Amino acid sequence: MQLRNKVALITGGSQGIGEEIARTFAAEGATCAVVASSNVRKANKIAKEIKRKSKGYAADVTKPAEVNKMVEKVVKDFKKIDILVNAAGVFYPTPAGETKSVDMNRMVDINLKGNWNVTNAVVPHMKGRKQGNIINLASVAGVRALPAYSVYCATKAGIVMLTKALATELSRDGIHVNSISPGNTATPMNEDIRTDPELKPVLDFMEMVTPSGRTYSEASDIANTALFLASPKTGKAIYGANFVVDEGFAAGLFIAG
């Protein structure tokens, strides 16, 4: 029970990696504020399943007023926020010369500004308590370029540097700030890609260039990394680090022979 009596606010907590982090944290004793972008019923469903007096909330992370209201409600409900996990994000291609400004802006607004909006709302509370733990979900695309995904790469590289800068700013206030850069991770959102027979040649190639040979990590692999950072025992001395959890994909060029 590494997170006994801790309260964790998790954006993007109603699906994918965020959901798995909520389940893992609750299994380790944390009460979770599960935040969805709009579907509070889905957030409440996850909260009810993981128990620990967890609750669901809805907030559009691109809207500071909604974020501030949600954070105030979480603090009112639980009296504190020990851990913030910024897992809300979107992923889609933005090829140069073909991408509409609305699509570029949406990605920047959610992936980068959204992360900042939630952090900006939570930090005063953590500073007031002289303790806290912020975990940002970046991506292997923030450290290794992917063609046709330049805006996504830029937003995730921004999260890595935002993490480092915030760590230097907030560490003396007792606040840990670190990031996780997942590689390809198996979630319900990409199940169709992973199981489409027509995409098997692509998946075979991805397996060939992935050092571990396992193209997709499990969401639990990412959640356990988050637990490592959130635990007072294992994360005590870690500030401003970016944990790349990607089956070795970012380590360098690799082709299985």
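No lab work stands behind these numbers, since they all come straight from the coordinates. This structure is a prediction, so every number in the text was calculated from the model and none was measured. With ideal geometry, Cβ positions are generated from the backbone for all residues, glycine too; neighbour counts draw on all protein chains shown.
A few comments on the model shown:
- Criterion (in contact (Cβ under 8 Å) with a residue 40 or more places away in the chain, among the polar types (S, T, N, Q), farther than 20 Å from Trp116 by Cα and surrounded by 19 or more Cβ atoms within 10 Å (Cβ to Cβ)) met by exactly one of Thr185, Thr155: Thr185
- Residue that is farthest from Ser231 (Cα to Cα), among those in segment 166-197 that are part of a strand (DSSP E or B) and of a type in the set (Ser, Thr, Tyr): Thr185
- Filter result (assigned to a helix (DSSP H, G or I) and either of a type in the set (A, V, I, L, M, F, W, C) or surrounded by 22 or more Cβ atoms within 10 Å (Cβ to Cβ) (or both)) within segment 120-152: Ala121, Val122, Val123, Met126, Val140, Ala141, Gly142, Val151, Tyr152
- Looking only at residues of segment 222-246 that are touching a Pro at 6+ places or on another chain (Cβ under 8 Å) and outside any loop (DSSP other than H, G, I, E, B), we find that the one that is surrounded by the most Cβ atoms within 10 Å (Cβ to Cβ) is Ile222.
- Subset of segment 60-111 [out of contact with any Leu (no Cβ under 6 Å at 6 or more places or on another chain), among the aliphatic types (A, V, I, L, M) and not in a loop (DSSP other than H, G, I, E, B)]: Ala65, Val67, Met70, Val71, Val75, Ile83, Val85, Val102, Met104, Met107, Val108, Ile110
- Out of Ala43, Ala26, sole residue that is among the hydrophobic types (A, V, I, L, M, F, W, C), surrounded by 22 or more Cβ atoms within 10 Å (Cβ to Cβ) and either touching a Cys at 6+ places or on another chain (Cβ under 6 Å) or farther than 16 Å from Val61 by Cβ (or both): Ala26
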